Amino acid sequence: MTETRHTRVLIIGSGPAGYTAAVYSARAMLNPILVQGLQPGGQLTITTEVENWPGDSHVQGPDLMVRMEEHARAMGAEIVSDYISSLDLSQRPFVARADSGTTFTADAVILATGAQAKWLGLPSEEKFKGFGVSACATCDGFFYRGKEVVVIGGGNTAVEEALFLTNFATRVTLIHRRDSLRAEKIMQDRLFKNPKVQMLWNHEGIEVLGTEAPLGVTAVRARHGQTGGIADVPCAGFFVAIGHAPASELVKDQLELHSGGYVKVEPGSTRTAIPGVFAAGDLTDHVYRQAVTSAGMGCMAALDAERFLAGE
């Protein structure tokens, strides 16, 4: 059904940033509408166990996101299961069109579409996601105390993940498809000096090996780029660290981006270059990428939007 609906605040995205923005803007009596997108709950819905969310020593990622959604609804936010396919920020009210045919107009927009970790695209990688395959060492490294792990990648992200994992794992093998890393030299020095780290150069990951019952990773199969030789590296965890892709397609031609597609905001705020448009969470954050920092930015975005609307 085609209809046009107006709201003072339209929130696009439903991770910790989006739901927190909904809570705060609803409490400010702005009657926000939140459009969830293709993955309601965001990246936390594919994280099984979360141990770094304040107030919960242990919580399942999907359960945490259900609670956030319920909290936003309880405050009065309207949650819509739909996907925004186009967004026009050239004039106010801003215009967003959804897959369902609904058009939303809004006095202010909060972008909270997040970022997705880049994956290798292996069927076995998909199979073991959440069961030994991860894209976030700071989220999941704790579970590999006393175990061996493998990291794949060659940039700062891969080196940072590998170094972080040495706090828990007995051995960290970093697989890279070239014979040198792209990471900053100071990071490389720290990596090569760490006795827990071993390098596997000129290899690419081609398969994740593991058990069926229970589902778990036992090794990563790698292939030499020149010789084609195969090496199976034993491990309990496989961390893919080949970068993140911010979900900025909606605004890539309308807002200034940086660091590979992240939306640029004014330092210390969530304000973008367009008045009335705010961005929060992993869509703007290429440094921390944590649920708690995303939630904090969602709060900031709602407060920024409230002040913007009050000042009109």
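Here, each number is a calculation from the coordinates, and none is a lab measurement. Predicted model only: the values in this text are computed from it and were never measured. Please note: Cβ atoms are built from the backbone with ideal geometry, for glycine as well, and neighbour counts cover all protein chains shown.
Brief remarks on what is shown
- Excluding same-chain neighbours fewer than eight residues apart, the lysines reachable from residue 127 by a Cα-Cα span under 29 Å are 118, 147, 196.
- By the Cβ distance rule (another cysteine Cβ under 4.7 Å), the unpaired cysteines of the chain are 235, 299.
- Look at the Cα gyration tensor of the range 181-312: its axes a ≥ b ≥ c give a/c of at least 1.5 with a/b over b/c, and that counts as prolate.
- GluC sites (Glu not before Pro) lying in DSSP loop within the range 63-108, provided at most 10 other Cβ fall within 10 Å: none
- Distance in nm between pseudo-label sites at residue 49 and residue 167 (7 Å out along the Cβ direction from Cα): 1.7
- Förster radius 35 Å - calculated FRET efficiency between residue 309 and residue 38, Cβ distance, rounded to 0.05: 0.80
- Packing-based ranking, highest mean first, of 202-210, 266-274 given that Cβ atoms within 10 Å are counted: 202-210, 266-274
- For 170, 4, the sequence from fewest to most other C-beta atoms within 10 Å is 4, 170.
- Contact order for the chain, expressed relative to its length and based on alpha carbon pairs under 8 Å spaced 6+ residues apart, stands at 21 percent.
- In plain terms, the residue of 177, 307 with the fewest other Cβ atoms within 10 Å comes first and the most crowded comes last, giving 307, 177.
- Net length gained if the chain between residue 224 and residue 31 were fully extended (0.36 nm per residue, minus Cα distance): 63.8 nm
- In terms of other Cβ atoms within 10 Å, 12, 152, 186 run from fewest to most in the order 186, 152, 12.
- Applying 0.36 nm per residue to the separation of residue 78 and residue 212 and subtracting their alpha-carbon distance, the gain on full extension is 44.1 nm.
- Of the chymotrypsin sites (Phe, Trp or Tyr not before Pro) in the range 54-131, those whose Cβ has at most 16 other Cβ within 10 Å and which sit in DSSP loop: 83, 119, 131
- For the range 1-134, averaging the sequence separation of C-alpha pairs within contact (under 8 Å, six or more residues apart) and dividing by the residue count gives a relative contact order of 33 percent.
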